Amino acid sequence: MSVVPPISICTWQFEQANLTAGRLLENGYPALDAVIAGASVEEQNLKNTTVGKGGDTDREGNVSLDACVMNHDGDCGAVVCVSNTSHVSALARKVMEETPHVMLAGAGAEEFAIKMGFTDEQLVTPIAKKAYQKWLKSPEYKPIINIENHDTIGLLALDQNGHMAGACSTSGLSYKMKGRVGDSPIIGSGLFIDSEVGGAAATGMGEEIMKTTGSFLIVELMRNGLSPQEACEEAVKRIVRKNDKFRDFQIAYIAMDFKGNTGTYCIHPGFNMMHYQNTKNEIIKANSFLKN
């Protein structure tokens, strides 16, 4: 049994998602169950334009979703370019538990979803369709910092048994190219957990996160003695050092070790992390590399 009270943290101000995960942990549920339930809250939130069924479309007017999960044993599963179910974090778990693979993509992932009993859904909502029609009048491919057009939900949970798990779910960049996949479903980029160290999750401009395999980097920095906070800061600074256009995009990380220490850091001000422990669901304002 863990001597640390169960903890759930997640990216951005997804209060209900983190509350759902945290309460499940307190009721004795495994960490993996908790993070998938938390992610599902936003996957079903039609007001969330960057995760699940309410997600913005790509340049062709279609919604495609990506997700991954990882447990304390290092097992993981992922799906990319899924257009027939909003429950992609749960689907990623099925890939992990029911197949010999780590990742399924596109039509293969969609066929697998139906085989596993997932409901065949229409993901393009009337709101998303209307937004797409408006975008077509003046199409731009430019992420707007902290305006929720690239705000993945990443969750990390530490349960009563001292086990950690994570989930990461997104609809990707608004009006992305068809077939584009960012960091979120990539183990080591959007999410990584090590049973000896802890875990990390990422959000923001996926292309930049992938260049440094950011979540894996944070866990390795923690392995080498940095705190979760110090590791998040170093991971962001590596991106800044390698890209002189860093002012044009947001990157943010969250991390947690097995002692219950957490950390978060970002490039631009405006990112928040949710933290649930001992019945208290708090908004943690992240420190940032840029101050204004």
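The values are calculated or read from the model by the stated rules, or taken from the named source; none is laboratory data. Just so it is clear, the model here is predicted, and its values are computed rather than measured. Neighbour counts are summed over all protein chains in view; Cβ atoms, including those assigned to glycine, are modelled from backbone coordinates with ideal geometry.
Scanning the range 157-187 for residues that are assigned to a loop (DSSP other than H, G, I, E, B) and of a type in the set (S, T, N, Q), we see that the one that is nearest to V219 (Cα to Cα) is S184.
The condition (being farther than 22 Å from A202 by Cβ, within 16 Å of the chain's Cα centre (by Cα) and not aliphatic (A, V, I, L, M)) is satisfied by just one residue among K115, K134, K53: K53.
Quick grid of which residues meet (1) part of a loop (DSSP other than H, G, I, E, B); (2) among the charged types (D, E, K, R); (3) on the phi > 0 side of the Ramachandran plot; (4) touching a residue at least 60 places away in the same chain (Cβ under 8 Å):
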site: L25; (1), (2), (3), (4): no, no, no, yes
site: Y29; (1), (2), (3), (4): yes, no, no, yes
site: A34; (1), (2), (3), (4): no, no, no, yes
site: D58; (1), (2), (3), (4): yes, yes, no, yes
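I want to confirm something. Restricting to the range 188-226 and keeping residues that are part of a loop (DSSP other than H, G, I, E, B), under 16 Å from the mean Cα position of the chain (by Cα) and not hydrophobic (A, V, I, L, M, F, W, C), which single residue is nearest to S89 (Cα to Cα)? The selected residue is G190. Within the range 158-184, residues that are of a type in the set (G, A, S) reach partners that are surrounded by fewer than 20 Cβ atoms within 10 Å (Cβ to Cβ) and outside any loop (DSSP other than H, G, I, E, B) with beta carbons closer than 9 Å, at six or more positions or on different chains, in the pairs A165/D33; S174/A131; S174/W135; G179/G106; G182/E207; G182/M210. In the set A37, A31, only one residue is modelled with pLDDT of 95 or more, more than 15 Å from V88 (Cα to Cα) and hydrophobic (A, V, I, L, M, F, W, C); that residue is A31. For the range 65-73, does any single residue satisfy the condition of being out of contact with any helix residue (DSSP H, G or I) (no Cβ under 6 Å at 6 or more places or on another chain), over 13 Å from S184 (Cα atoms) and modelled with pLDDT of 95 or more? No - not one qualifying residue is present in the range 65-73. What tally of residues in the range 6-23 results from selecting those that are outside any helix (DSSP H, G or I), hydrophobic (A, V, I, L, M, F, W, C) and within 18 Å of I193 (Cα to Cα)? Total satisfying the criteria: 3. Whenever a residue of the range 67-85 is on the phi < 0 side of the Ramachandran plot and part of a loop (DSSP other than H, G, I, E, B), its partners that are crowded, with 22+ Cβ neighbours inside 10 Å and of a type in the set (S, T, N, Q), lying with C-beta atoms within less than 9 angstrom and at least six residues away or across chains, give the pairs S83/S64. Can we say N272 is in contact (Cβ under 8 Å) with a residue 60 or more places away in the chain, surrounded by 17 or more Cβ atoms within 10 Å (Cβ to Cβ) and not small (G, A, S)? So N272 fits the description; yes. A count restricted to the range 256-289 and to residues that are under 21 Å from T20 (Cβ atoms) and assigned to a strand (DSSP E or B) stands at 14. Here is the figure for the range 122-144: residues that are surrounded by 14 or more Cβ atoms within 10 Å (Cβ to Cβ) and closer than 15 Å to N62 by Cα total 7.
Among the conditions (1) surrounded by fewer than 20 Cβ atoms within 10 Å (Cβ to Cβ); (2) at pLDDT 95 or above; (3) not in a loop (DSSP other than H, G, I, E, B), F118 misses just one, which is (3).
For the range 256-267, residues that are farther than 18 Å from G199 by Cβ and either in contact with a His (Cβ under 7 Å, 6 or more places away or on another chain) or surrounded by fewer than 21 Cβ atoms within 10 Å (Cβ to Cβ) (or both) total 0.
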